Amino acid sequence: MYGILRTSIISVIVKLVLLELTREEESALKGEQGEIMQMAYRILVATGEATEAEKLIPIDWAHLSGVNYNTIGDAGEEFLSSISKNTRVKVKTTLNPMGFDIDNVSNYNLDDNFISKQLSIKNSYETMGVTPSFSCIPYEIFDIPKKGTQVAFAESNAAIHANSYDNLKTNKESAFSALASAITGKSPYSSLRKEDSPNLTIRMKVKNPNELTYGMLGFFAGKVGDTSVNISGLGEMDKRQCKAMCGGMGTSGTCAKFLFGDGNSDCEKIDFDEKEMQNVHDELNTAEKGDLITLGSPQLGLEEISDLVGKLKGRSFKKRCMVFLPRIVKEQARKIGYTNELERAGCEILSDCCTCLTPLICKDDVDAVTTNSIKGAFYLKNSNGVNVNLKSLSQIVEDETR
Amino acid sequence: MKILVQGKTEGIILKSQNPINFLGTVDKKTGIISDKNHELFDKSIKNSILVFPSGVGSSVGAYTIYSIKSNNTAPLAMICEKADLTVATGCALANIPLVIIDNEKFSSLKTGQKILLDTKSHNPIMLL
């Protein structure tokens, strides 16, 4: 009898639900505002319960992943096509890269099915009112809202950049939670959306770091960190290095924010030294040289393009070099004359897509790729199934051009 | 216990001690586990009450959960020990009931047991 009593008390305790919904949100969850709203609220409630949120709050900007046909497949394409018929996004919504650049897709060996499915996905997002930015660096090509603004970024490097450098607040969203936030304009108030104090500090001990070092530091931080980490011992970093660190961290874990400094005295301290760096390098570097080079994961911004043009003055690549950048940056670069310079140096310029999960590099044609991107390296290795040769940009220019 | 996606269903437990990476481990059409290294290799998760520690791997795995639901090869419900956003949002989108339970309860569930899962009940997981 005591057993039964105890079981029933436990049952009562475990029924406590944390997330409180407004009457309107309850009504949407019941399906009174249509099937798609119901689905969107189901996603928000599941995310909210999983992250122990007590309420939903408004967000001002959603950035969606789940665009590349390579990643979402037929189910994703059909799903988006079906919901786009009756759904419009409620807040500013931008989009991750897709699989190719329509301007030059005919130069690559993509089958017609891929192209038509990708265009259907593009069309579905546009129908829903999403800005077709096809970029993983929204923080570099759109105006940043005022300090503390709540956003919902599904692209991991963008979420980390937004939290760490842009004074915005977002969790590391999933493709579906960001989509639900775009449709409802809301997100669960939990985790990094509130105040956060990391319990871990990483001490940067590697001397003379370049962007590759910062990428590896980020990758290491993502593995050891939980939702946020302190980082101490960083000097001045340029944009390329900041982006590399965000890209690296987003790849390896669930952590979505750097705080710069030593943190509280009771924080656990871990050193990122030559040995830890070598471990990351050994995990991702699997070749001594590459058949082609890729630059851009995250995509390159105008500042990096300008710097690249400077480095390539009077030189040209000895092998293929793919350069990934957002369309708006490509247009700006064209006006300034940078794209001419890059093409003269032998670069293939690709907008709307990225190294990461690209269908344009196939293991049947390519054994190994040289890149300075830790994020790119991880996906080239694990998703494309090719070997990777890691080098900093300076080293790439020195070794691979004449 | 946490209810992540509500619902009511009755079925037979299929339990895995291994986590499941839905992207790449579960066949999108048949709902059969295709990873040779997985303890549920060659088993179909269709119409089961799938009990496993948690989802792992790419967030795109949520799209796989949606696919098996569209192809009528999805589990009737899922029960996990740890909440992860891939399984949570995948189940939410596909409307598959999802419950998170503690380690003790997780250990007590066994493949082949018939249960009634009702997230609105005082005792959401009832052995039949």
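The values are calculated or read from the model by the stated rules, or taken from the named source; none is laboratory data. Quick caveat: nothing in here was measured; it's all calculated off a predicted structure. Positions of Cβ are backbone-derived with ideal geometry, glycine not excepted, and every protein chain shown enters the neighbour counts.
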Could you look through segment A:152-169, keep only residues that are out of contact with any Lys or Arg (no Cβ under 7 Å at 6 or more places or on another chain) and either over 21 Å from A:ILE374 (Cα atoms) or assigned by TED's automatic domain parsing to the domain that holds A:PRO298 (or both), and pick out the one that is surrounded by the most Cβ atoms within 10 Å (Cβ to Cβ)? A:ALA152
Applying the selection to segment A:377-392, what residues are more than 21 Å from the chain's Cα centre (by Cα) and outside any loop (DSSP other than H, G, I, E, B)? A:ASN387, A:ASN389
Going through segment A:5-38 one residue at a time, which ones are away from chain B (no Cβ under 11 Å) and modelled with pLDDT under 90? A:LEU5, A:ARG6
For A:SER82, work out the one condition from (1) closer than 28 Å to A:HIS161 by Cβ; (2) without any contact (Cβ under 8 Å) to a residue 24 or more places away in the chain; (3) within 14 Å of chain B (Cβ to nearest Cβ) it doesn't fulfil. (1)
Where A:SER394 falls short, out of the listed (1) in contact with a helix residue (DSSP H, G or I) (Cβ under 8 Å, 6 or more places away or on another chain); (2) in contact (Cβ under 8 Å) with a residue 40 or more places away in the chain; (3) surrounded by 15 or more Cβ atoms within 10 Å (Cβ to Cβ): (3)
Residues within segment B:34-51 that are assigned to a strand (DSSP E or B), among the aliphatic types (A, V, I, L, M) and closer than 11 Å to B:ILE68 by Cβ, tallied: 1
Those residues of segment B:82-98 which are at pLDDT below 95 and in contact with a Pro (Cβ under 9 Å, 6 or more places away or on another chain), in sequence order: B:LYS82, B:ASP84
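Please list, ordered by residue number, the strands (runs of 3 or more DSSP E) wholly in segment A:38-95 having 3 or more residues that are under 17 Å from A:PHE153 (Cβ atoms) and in contact with a helix residue (DSSP H, G or I) (Cβ under 7 Å, 6 or more places away or on another chain). Quick ask: steps written out before the conclusion?
Details: elements: A:56-58, A:61-64, A:92-95.
Hits in segment A:38-95: A:61-64, A:92-95.
Matching residues to (1) under 27 Å from A:CYS354 (Cα atoms); (2) of a type in the set (Ser, Thr, Tyr); (3) in a helix (DSSP H, G or I); (4) in contact with a Leu (Cβ under 6 Å, 6 or more places away or on another chain):
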position	(1), (2), (3), (4)
A:GLY222	yes, no, yes, no
A:LEU234	no, no, no, no
A:ASP262	no, no, no, no
A:SER265	no, yes, no, no
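So, in segment A:135-184, how many residues would count as being assigned to a loop (DSSP other than H, G, I, E, B) and within 13 Å of chain B (Cβ to nearest Cβ)? Let's see the steps before the verdict.
First, pick out the residues of segment A:135-184 that are assigned to a loop (DSSP other than H, G, I, E, B): A:135-137, A:142-149, A:154-155, A:165-168, A:170-174.
Those left that are additionally within 13 Å of chain B (Cβ to nearest Cβ): A:154-155, A:171-174.
Of the residues in that region, 6 qualify.
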Does B:SER44 satisfy being away from chain A (no Cβ under 14 Å) and surrounded by 16 or more Cβ atoms within 10 Å (Cβ to Cβ)? yes
Just to be sure I understand, how many residues within segment A:252-278 are among the basic types (Lys, Arg) and either more than 18 Å from A:HIS161 (Cβ to Cβ) or not assigned by TED's automatic domain parsing to the domain that holds A:ASN208 (or both)? 2
Can you report the number of residues in segment A:39-75 which are over 21 Å from the mean Cα position of the chain (by Cα), surrounded by fewer than 22 Cβ atoms within 10 Å (Cβ to Cβ) and more than 9 Å from chain B (Cβ to nearest Cβ)? 4
Exclusive hit being within 26 Å of A:ALA53 (Cβ to Cβ) and over 14 Å from the mean Cα position of the chain (by Cα), set B:PRO53, B:PRO124: B:PRO124
Every residue from segment A:85-95 that is crowded, with 19+ Cβ neighbours inside 10 Å and in contact (Cβ under 8 Å) with a residue 60 or more places away in the chain: A:THR87, A:VAL89, A:THR93
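In segment B:56-128, which helices (runs of 4 or more DSSP H) lie fully inside it and hold 1 or more residues that are away from every other protein chain (no Cβ under 11 Å)? Steps first, answer last, please.
On the way: elements: B:61-70, B:85-94, B:103-108.
Those helices (runs of 4 or more DSSP H) span B:103-108.
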